[in-house]
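The values are calculated or read from the model by the stated rules, or taken from the named source; none is laboratory data. Here the structure is a predicted model, which is why all the values come from computation and not from measurement. Glycine also receives a Cβ, built like all others from the backbone with ideal geometry; neighbour counts cover every protein chain displayed. To get the accessible areas, we keep the full protein, side chains included, count just its heavy atoms, and leave off ligands, DNA and RNA. Shrake-Rupley method; radii C 1.70, N 1.55, O 1.52, S 1.80 Å.
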Amino acid sequence: MEFFIQQFINGLTLGGVYALIALGYTMVYGIIQLINFAHGEFFAAGGYMGVIILSFMASMGYMETHPWLCLMGSMALTMGYCAMLAMAVEKVAYKPLRFASRLSVLLSALGMSIFLQNGLMLTQGVYDKPYPTSFTDGGFSIGMVTMSYMQVMILVMTVLLLIGLNILVFRTKIGTAMRATAQDKVMSALVGINSNRIISTTFALGAGLAAAAGIMVGLYYGSVRYDMGFVPGIKAFAAAVLGGIGNITGAMIGGLIIGMVEIMAAGYLSSEYKDVWAFVILIGVLYFMPTGIMGENVDDTRV
Amino acid sequence: MTWAIAMAWFYVLLWPLMGIHPDGTLTFKNSLIVWGWVVGLSGAVLILRQLNETGMFNAITTPVANVRAAANRGIDTVPVWLWWGIGFAATFALPFFTGRYVQDVAINVMIYICLGLGLNIVVGLCGLLDLGFIAFYGVGAYTYGLLSIHYAMPFWICLPFAAMTAALAGCIIGYPTLRMRGDYLAIVTLGFGEIVRLLLNNWMQLTNGPNGILGIKAPGLYYFSFANGFSLEHIWLKKLTYMYYVILGLMVLTIIAVHRLNFSRVGRAWEAIREDETAAELMGVNTFKLKLLAYAMGATFGGLAGAFFAARMRFVSPESFTFLESAMVLAMVVLGGMGSIPGIMLGALALVALPEVFREFELYRMLAFGGAMTVMMIFKPKGLWPAKRFGTRSDDND
């Protein structure tokens, strides 16, 4: 039982991270019906930018005096940076292809993903970069279950970000404009919504969340790698599909489920095949229930 | 022009990520080299393009275009089969004039041509984006490797087996995914490709895991010897020149088969599915069966190439079958022109041989692939040598 609860907490942590990445996929897909292959790269870029800023602060000595302030500051900077990066990628690789065939946009996205990943590899090296994580060492235990402060922090941050996103999308003007554009581009343009700006904003939001996830994963595992974006990216996509693509609440739930399944499968079945389960779920969902758990707006051109 | 501004902005943004190191030091040397090349080359191309559009190079481009048109007319007067014949003769004669190195590169190019043509059936003809194609290559390679190690079966008998297992794998992957279209299919095939790689990596009893399989036999050949009486002799085709002719034969077989498929009833049905699936179905095309067939046929050629790869390397490990390889084969198909056989041959030649020429830029290979893929899609989506029959999907127009 203790083992189960322990795994449950681990699954919750991992699932939160997947949910954050999945939101980027689902929002972009909801608006321009594109699988943003480069999304995993924003996640990796976030991890790298986080390690750069945090190490810089550590070398200046601020980390000992104000650890939490440093963490929050670097997170904000990283999210902003990745948001801008995503907007630039959108302008360079996707906007010229707004009216091209789906296959070309998808290939363009794939090319961008390979480009960014190899750019990271060439300049930052092929080896793991360690995170300065000493300040969040330790944890507490209830019975046999231990929970590190890191996990608590990740969970709290994830919940805060998700709440923030929900408020942004469902309560503010820009969120309303986003949802309107997702529903009908022509009508929303008629009522004066600038769809290009909304698409940019969507990319920026998704990449910001992915960047936050990148920092958290970096802190949690203690290091980042140039190709860290690939596998979590696909798992997060599976999560987005599981929740019903285009649906924000669905992506959150899907992320939690995928994370939980992965951790439980690693704990109870076999850890070698833990990466397989996300794919199995993805294929199963697309085969038996292509609309996902929460989705409803899927016509035959999408599936 | 706005695109150029966006491009510049993109590079500016990438700069800090590339230049600052986690230990707090700022050593821009590495990123200066990398981004110097990237920004310099793309900037030069963009400027040339802009100048070209304003008509500054008309004095140069007009005569060049005239010469090209004249050359094209000259080329057109010679029948196509003659060009193919000359190409084949040149390839056949290549080992007589060149050394090991060139033959090695040529073998690689031909393996990738086989793979590209296999993928072309799925992506170019049938319009199904497959990102896990390398899995079939892996299945073929492991089939021959395992049969050769455990049952000592000769290469030529294993070849149909490798093709069969790969086709079977194609059906297994194709069957549940046929209900999906476009992006979903792409990501599911990617998932299948990864599953196959993980299986190869973790199924220790069968595949020996990440260590791979060693000691796979090269192809053998029986021939009649009249030296002392009449006898049947056997040799192993271990020499590189022999391997060259084996893959040459395989490539010619693949080219002929894909060409025949392309201009057959089946090929037309595939193209109908690519252009508009709903309309094709209404016209009586059995889309389910034909899409499955496209997967199986594509996988077959991938499997053949894989069996040869195993025989050539005499060693297989899961590392040869990663997603990047899939992306590279796809890049060849896209770069060369989807659905066009000479285009794909050109694409494979460009992506395998060019990095060999610029050996010192080896590391930049994938970076250039990625960039080229995006740029091609924006400026020349039909590829370097476009197929003659190619339309746009009707549901993309609205």
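Each residue in segment B:305-335 was checked for being modelled with pLDDT of 90 or more and outside any helix (DSSP H, G or I), and 0 of them qualify. The selection criterion, being modelled with pLDDT of 90 or more and either under 20 Å from A:Leu23 (Cβ atoms) or within 11 Å of chain B (Cβ to nearest Cβ) (or both), does not hold for A:Leu97.
Conditions tested, residue by residue: (1) open to solvent by 60 Å² or more (accessible area, probe 1.4 Å); (2) outside the structural domain of B:Leu248 (by the TED database); (3) not small (Gly, Ala, Ser).
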| position | (1), (2), (3) |
| --- | --- |
| B:Asn52 | yes, yes, yes |
| B:Gly55 | no, yes, no |
| B:Arg68 | yes, yes, yes |
| B:Ala71 | no, yes, no |
| B:Ile75 | yes, yes, yes |
| B:Ala89 | no, no, no |
| B:Leu94 | no, no, yes |
| B:Arg100 | yes, no, yes |
| B:Gln103 | no, no, yes |
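Listed by position, the helices (runs of 4 or more DSSP H) enclosed by segment A:104-210 include none that has at least 1 residues that are facing chain B (nearest Cβ under 10 Å). Just to be sure, is B:Tyr137 assigned by the TED database to the domain that holds B:Leu324 and open to solvent by 60 Å² or more (accessible area, probe 1.4 Å)? No; evaluated as a whole, the condition is false for this residue.
Here is the figure for segment A:255-274: residues that are within 14 Å of chain B (Cβ to nearest Cβ) and either part of a helix (DSSP H, G or I) or modelled with pLDDT of 90 or more (or both) total 6. Beta carbons closer than 9 Å, at least 6 apart along the sequence or on distinct chains, pair a first residue in segment A:131-153 that is modelled with pLDDT of 75 or more with a second that is assigned to a loop (DSSP other than H, G, I, E, B) and among the polar types (S, T, N, Q) for A:Met150/A:Thr133. No other residue among B:Met366, B:Met338 is open to solvent by 10 Å² or more (accessible area, probe 1.4 Å), in contact (Cβ under 8 Å) with a residue 24 or more places away in the chain and in a helix (DSSP H, G or I) apart from B:Met366. The set of residues in segment A:233-253 being out of contact with any Ser or Thr (no Cβ under 7 Å at 6 or more places or on another chain), within 14 Å of chain B (Cβ to nearest Cβ) and buried (at least 24 other Cβ atoms within 10 Å of the Cβ) consists of A:Gly233, A:Lys235, A:Ala236, A:Phe237, A:Ala238, A:Ala239, A:Val241, A:Leu242. Please indicate, with yes or no, whether at least one residue in segment B:327-343 is out of contact with any Phe, Trp or Tyr (no Cβ under 7 Å at 6 or more places or on another chain) and away from chain A (no Cβ under 14 Å). Checked segment B:327-343: at least one residue is out of contact with any Phe, Trp or Tyr (no Cβ under 7 Å at 6 or more places or on another chain) and away from chain A (no Cβ under 14 Å). Identify, please: which residue in segment B:162-177 is free of Cβ contacts under 8 Å to residues at least 40 places away in the same chain and touching a helix residue (DSSP H, G or I) at 6+ places or on another chain (Cβ under 7 Å) and is, among those, surrounded by the most Cβ atoms within 10 Å (Cβ to Cβ)? By that ranking, first place goes to B:Thr177.
Evaluation of B:Met376 against the conditions (1) open to solvent by less than 30 Å² (accessible area, probe 1.4 Å); (2) assigned to a loop (DSSP other than H, G, I, E, B) shows that the sole unmet condition is (2). Scanning segment A:182-200 for residues that are under 21 Å from A:Val92 (Cβ atoms) and open to solvent by less than 40 Å² (accessible area, probe 1.4 Å) yields A:Ser195, A:Ile198, A:Ile199, A:Ser200. With respect to (1) open to solvent by 10 Å² or more (accessible area, probe 1.4 Å); (2) within 29 Å of A:Gly125 (Cβ to Cβ); (3) more than 10 Å from chain B (Cβ to nearest Cβ); (4) assigned to a helix (DSSP H, G or I), the lone exception for A:Tyr226 is condition (4). If the condition is being aromatic (Phe, Trp, Tyr), within 20 Å of the chain's Cα centre (by Cα) and assigned to a helix (DSSP H, G or I), then segment B:105-164 contributes B:Tyr112, B:Phe136, B:Tyr137, B:Tyr142.
Surrounded by fewer than 24 Cβ atoms within 10 Å (Cβ to Cβ) and β-branched (Val, Ile, Thr), is that true of B:Val357?
Taking the combined requirement at face value, the residue satisfies it.
When segment B:197-211 is limited to residues that are open to solvent by 30 Å² or more (accessible area, probe 1.4 Å) and under 24 Å from the mean Cα position of the chain (by Cα), the one that is farthest from the other protein chains (Cβ to nearest Cβ) turns out to be B:Arg197.
Among the residues of segment B:216-260, those that are part of a helix (DSSP H, G or I) and surrounded by fewer than 19 Cβ atoms within 10 Å (Cβ to Cβ) comprise B:Leu240, B:Thr241, B:Tyr242, B:Tyr245, B:Leu248, B:Gly249, B:Val252, B:Leu253, B:Ile256, B:Ala257, B:His259, B:Arg260.
Scanning segment B:199-212 turns up no residue that is more than 22 Å from B:Ile149 (Cα to Cα) and free of Cβ contacts under 8 Å to residues at least 12 places away in the same chain. Candidates are the residues of segment A:212-223 that are assigned to a helix (DSSP H, G or I) and open to solvent by 10 Å² or more (accessible area, probe 1.4 Å); the one that is modelled with the highest pLDDT is A:Val217.
Of the residues contained in segment A:160-175, one or more are found to be open to solvent by less than 60 Å² (accessible area, probe 1.4 Å), of a type outside the set (Phe, Trp, Tyr) and within 19 Å of A:Leu54 (Cβ to Cβ).
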